[in-house]
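Just so it is clear, none of the values below were taken in a lab; they were calculated from the coordinates. For clarity, every value in this text was computed on a predicted model and none was experimentally measured. Quick reminder, even Gly has a Cβ in these numbers, built from the backbone with ideal geometry, and neighbours come from all protein chains shown.
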Ligand code: GLU
């Protein structure tokens, strides 16, 4: 077998998110039997597009932003994955995020490959008009590779239903016909799905409750700490609090706050909506050092922000017995090992946060049939898919004596590589 050739354009980033993903793939390879022959498929994104996104600023100056769309794999269906606007976005990150979408979509068995996009920009520095111009230009630049049967973007960090509406409109104007199925996470009035906005957080909650039960923990009274208070962390916090769990700590981009008696999540959501952060909330104490968040005494820790947050530097301090990954790629392989050694259960992102893409799939199906489901139908179908995916991975982990991450990767990678093998190489 020819040794894997590192992708030459990434050699300057030895510890990036893509390398974390490659390590995860190396860990699953011995469990894939004859399909391991195809493993390099998963180490080579199918298609990478880097685009220049120029816009005219409100003051008349011209700004250029770096944009990406990576289609990691399309063996099982069109590319699918979000678009992230963040000042730290890199190609390595978008490649890793697209690859995690491949594994995630296969692990929960929605008929998609994996893709991801992003723009290296701090959207908070843009006016609404500038944000719209940037979104439209980016969409137009990546239009050559996206489409309802090719690759379907969706919201991710710092993107929302308004941005999806602009993307859908730009694509449709360029195509000459309204094409709602080109993106998901749209407003409900424009072919969006009920329940999509809260779907990722709801999926995290459903999986969290299942895992708590499997571990003999009662959700009522369970102490939960959450990193991130956006569309994933905020929704998960609300649903856990509604079920009687105590949300004892929250960390966001500004501050980390604690209240051992349980934070009033609805009041905090109102505060964060008006002030933009959890900082300054009267119903909790702010930690002097935000890194102390990782040492909070709790039962369940939910990283729901960015990747590479739980590392060898803080994994030894975590007191939770369960880490539930709401974010993509929040735990490094070195941290995985430390947590496993300490008996802390890690519920991997590719299962725990798959609720968002699952309801994106429902949205796409509804757009094609122009027949829309009730919120109850959506939530019931979401809950069933999440529970079944977790149960299958839990059983496999027990049978093979591997971590839940390795088990989820076995399920996902097996499905992708079986499709790869059956389709065969062309020519
Ligand atoms: N950005 C979300 C994720 O990371 C959802 C992607 C989608 O709905 O396509 O899973």
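Based on the Stokes-Einstein relation at 4 °C and a viscosity of 1.567 mPa s, and on the Kirkwood radius from alpha carbon pairs, the range 142-197 is assigned a translational diffusion coefficient of 116 µm²/s. Run the paramagnetic zone check for residue 66: 7 angstrom along Cα to Cβ, then residues of the range 107-124 with backbone nitrogen under 14 Å. Residues 118-122 fall inside that zone. For the range 184-211, list residues with backbone N below 19 Å from a point placed 7 Å from the Cα of residue 398 toward its Cβ? Backbone N within reach: 207-211.
Taken over the range 1-63, the alpha-carbon convex hull comes to 133 cubic angstrom per residue.
If you wrap the range 182-269 in the convex hull of its Cα atoms and look at it from every side, the mean projected area works out to 6.9 nm². Every pair of different Cα atoms in the range 28-68 enters the Kirkwood calculation, which places the hydrodynamic radius at 13.9 Å.
Note on residue 295 and residue 149: the model spin-label points, each 7 Å out from Cα along the C-beta direction, lie 5.8 nm apart. Length gained on full extension, residue 340 to residue 273, computed as 0.36 nm times the residue gap minus the Cα-Cα distance: 20.4 nm.
Full extension of the chain between residue 124 and residue 36 gives 27.3 nm of extra length, using 0.36 nm per residue less the Cα-Cα distance.
Rank these for me by crowding, 387, 401, 80, going from fewest to most other beta carbons within 10 Å. Can you show the working numbers first?
Numbers: 387 14, 401 8, 80 29.
Least to most surrounded, the residues fall as 401, 387, 80.
The fewest-to-most ranking of 15, 209 by surrounding Cβ atoms within 10 Å reads 15, 209. Against the empirical curve 2.2 N^0.38 Å, the C-alpha radius of gyration of the range 111-183 lands at a ratio of 1.07. Stokes-Einstein diffusion of the range 240-356 at 4 °C, 1.567 mPa s viscosity, Kirkwood radius from Cα pairs, rounded to a whole number: 88 µm²/s.
Each of residue 162 and residue 253 was given a label point 7 Å from its Cα along the Cα-to-Cβ line. The distance between the two points is 1.5 nm. For the chain, the Stokes-Einstein estimate of translational diffusion at 20 °C and a viscosity of 1.002 mPa s comes to 98 µm²/s, using the Kirkwood hydrodynamic radius over alpha-carbon pairs. Work out the FRET efficiency for residue 380 and residue 214 from their Cβ-Cβ distance, taking R0 = 25 Å, and round it to the nearest 0.05. Efficiency, rounded to the nearest 0.05: 0.75.
Sorted from longest to shortest, the spans of the Cα atoms of the range 304-352 along the three principal axes equal 22, 18, 16 Å. When each of 409, 205, 368, 281 is scored by the number of other beta-carbon atoms lying within 10 Å, the sequence from fewest to most is 368, 281, 409, 205.
Each 5 Å bin from zero up to the one holding the largest Cα-Cα distance in the range 1-153 carries the following percent of pairs: 2, 9, 18, 20, 18, 14, 9, 5, 3, 2, 1, 0. Using R0 = 45 Å, the C-beta based FRET efficiency linking residue 286 and residue 57 works out to 0.80.
What is the Å³ per residue value for the convex hull set by the Cα atoms of the range 251-309? Walk me through the numbers on the way to the answer.
Working: hull volume 5.7 nm³, N = 59.
Value for the range 251-309: 96 Å³ per residue.
For the range 93-116, backbone nitrogen atoms closer than 12 Å to the point 7 Å from residue 9 Cα along Cα-to-C-beta are found at 95.
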